[in-house]
1. Taking the Kirkwood radius as the inverse of the mean 1/r across Cα pairs, report the Rg/Rh of region 28-143.
2. For residue 41 and residue 142, what is the calculated FRET efficiency with R₀ set at 22 Å and r taken between the beta-carbons, to the nearest 0.05?
3. Where in region 131-169 does the label zone of residue 89 land, with the point 7 angstrom along Cα→C-beta and an amide N cut-off under 11 Å?
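Derivation of every value follows stated rules applied to the coordinates shown; laboratory data play no part. Bear in mind the structure is a predicted one, so any value in this text is a computation, not a measurement. Cβ placement follows ideal geometry from the backbone for every residue including glycine, while neighbour counts extend to all protein chains displayed.
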């Protein structure tokens, strides 16, 4: 019984040390302890087809994610971390074709280019494209379902961007 107590106490001490040293946190981030600020630039929409609220919604979702899951102070310029996201495409295509060569499902896909710069630790820099999609019944118009589809797509994109930048998964 004493041995089990010692093991449990040792495990708790190691976990507390890891969380306290700033390299690992229980939110899943791996941000060095000397990194204090992040600048998230407003998302730029360069897609041919433009959803007028998409860039703003994506910017807000990114700000919320980093605010909730990190201790980083958000600044308007020159952070220790800098995140620039550009929406490159916003496309709708048919996916499930029926026997009559009519699309039964349509797919809305949003593709973003991400440039993440860690000023203090350049080895953590990321430049990558991310895409997320949602399918919807072709009997519905895009206008009917666009808001809900975009919410889900934004969630996926934000999770992917967050994981690639500060969670480094």
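1. 1.11
2. Calculated value: 0.20.
3. 131-132
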